[in-house]
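S.K.: I am attaching a structure below and will ask some questions about it afterwards.
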């Protein structure tokens, strides 16, 4: 979980729970801010098992990320993928297919530029039904993250019992409901510490914390720094 910015490239394995959401100012009624992103899906099951009998694709078979894995791409690989995405948009028919495969070839060659964003051990993939439910849950949390959300409330949104919801959420995010909400809030706090002149108390209360000590403690656990230390590190 973290912030994204223009030019970022991510490579997600199958059935990864994810939501990319812009800051609140993008949704204001008088906002002129806009955002756009490009997504390319690869469905190799549509080709059948015979595709893996092609000798030139053997390296790709071992390269494709496992279910639930997520990476951010940096360096020369990031730059080249950005270029190929632009070319892909203006390609048609077999030339578009070719560009899609070329992107995979660049990713395979540049795997040293991958930074893993999660741990996949024990992570459960999502069925279509579970994916829809996770999307509903994550969007609800993003929309309401700055106010108190009870376990009863979020379980009702998911149409699950509290016990079933806790198991479902932990198995698919590797975090408890409380840990996830805290990370959402601390991520917003980092943004405000970097981009605003608000003091620490104002920031803590604006993102839903009613106790400053609780905010400071969670911030240190998640970032490794106190809010003051984090703000100073951004000024260097």
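S.K.: All but one of (1) in contact (Cβ under 8 Å) with a residue 12 or more places away in the chain; (2) farther than 14 Å from residue 134 by Cα hold for residue 171; which doesn't?
M.R.: With (1) in contact (Cβ under 8 Å) with a residue 12 or more places away in the chain; (2) farther than 14 Å from residue 134 by Cα applied to residue 171, the lone miss is (2).
S.K.: Shifting gears a bit: Within the bounds of the range 99-121, is there any residue that is modelled with pLDDT of 85 or more, farther than 26 Å from residue 56 by Cα and assigned to a helix (DSSP H, G or I)?
M.R.: Scanning the range 99-121 turns up no residue that is modelled with pLDDT of 85 or more, farther than 26 Å from residue 56 by Cα and assigned to a helix (DSSP H, G or I).
S.K.: Only residues that are within 22 Å of residue 179 (Cα to Cα) and surrounded by 14 or more Cβ atoms within 10 Å (Cβ to Cβ): list them for the range 195-211, please.
M.R.: Matches in the range 195-211: 200, 203, 204, 205, 206, 207, 208, 209.
S.K.: Considering each residue of the range 157-207, count those that are within 17 Å of the chain's Cα centre (by Cα) and part of a helix (DSSP H, G or I), and give that number.
M.R.: Taking the range 157-207 and keeping what is within 17 Å of the chain's Cα centre (by Cα), we get 169-177, 179-188, 190-191.
From what's left, part of a helix (DSSP H, G or I): 169-173, 177, 179-188, 190-191.
Of the residues in that region, 18 qualify.
S.K.: Evaluate the range 57-75: report whether one residue or more is assigned by TED's automatic domain parsing to the domain that holds residue 20, assigned to a helix (DSSP H, G or I) and modelled with pLDDT of 90 or more.
M.R.: Narrowing the range 57-75 to residues assigned by TED's automatic domain parsing to the domain that holds residue 20: 57-75.
Keeping just the survivors that are assigned to a helix (DSSP H, G or I) gives 57-63, 75.
Checking which are modelled with pLDDT of 90 or more leaves us with 75.
Among the residues of the range 57-75, at least one is assigned by TED's automatic domain parsing to the domain that holds residue 20, assigned to a helix (DSSP H, G or I) and modelled with pLDDT of 90 or more, which makes the answer yes.
S.K.: Residue 130 is checked against (1) part of a helix (DSSP H, G or I); (2) at pLDDT below 90; (3) exposed (fewer than 15 other Cβ atoms within 10 Å of the Cβ) and fails just one. What number does that condition carry?
M.R.: Answer for residue 130: the failing condition is (3).
The values are calculated or read from the model by the stated rules, or taken from the named source; none is laboratory data. Since the model is a prediction, treat every value here as computed from it, not as a measurement. Don't worry about glycine lacking a Cβ; one is built from the backbone with ideal geometry, like all the others, and counts go over all protein chains shown.
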